[in-house]
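Asker: Sending over a structure as structure tokens; questions will come in a sec.
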Amino acid sequence: MDVVAQQDGQDHLTTTTEQGRFCVARCSCGWRGPARRARSQARTDAAAHAGQAASAESEPL
């Protein structure tokens, strides 16, 4: 599980869940990745989301 701090003080907690033949990445912020046949790709989606959230927080307003 990846953890990235949000601006409001909460963490981005990403997980992957299986739905039939597909695997989906989800985050505690409500984000949901596309359904993937490969678990590794769903994990990559989650890591990319966590990285985008971290970079968005570091940008000045």
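Asker: Quick one: what pairs do we get from the stretch 8-26, first residue charged (D, E, K, R), second at pLDDT 90 or above and surrounded by fewer than 16 Cβ atoms within 10 Å (Cβ to Cβ), C-beta under 7 Å, 6+ apart or different chains?
Answerer: If the second residue must be at pLDDT 90 or above and surrounded by fewer than 16 Cβ atoms within 10 Å (Cβ to Cβ), the pairs left are Asp11/Ser28; Arg21/Arg37; Arg26/Thr15; Arg26/Thr17; Arg26/Arg32.
Asker: Could you name every one of the strands (runs of 3 or more DSSP E) located completely within the chain that has at least 2 residues being modelled with pLDDT under 90 and surrounded by 15 or more Cβ atoms within 10 Å (Cβ to Cβ)? If you could, list the steps in order and put the result at the bottom.
Answerer: Values: elements: 3-5, 11-19, 22-27.
So the answer is 11-19.
The values are calculated or read from the model by the stated rules, or taken from the named source; none is laboratory data. Being a predicted model, the structure only gives us computed values, none of them experimental. Cβ: placed from backbone, ideal geometry, glycine included. Neighbour counts: every protein chain shown.
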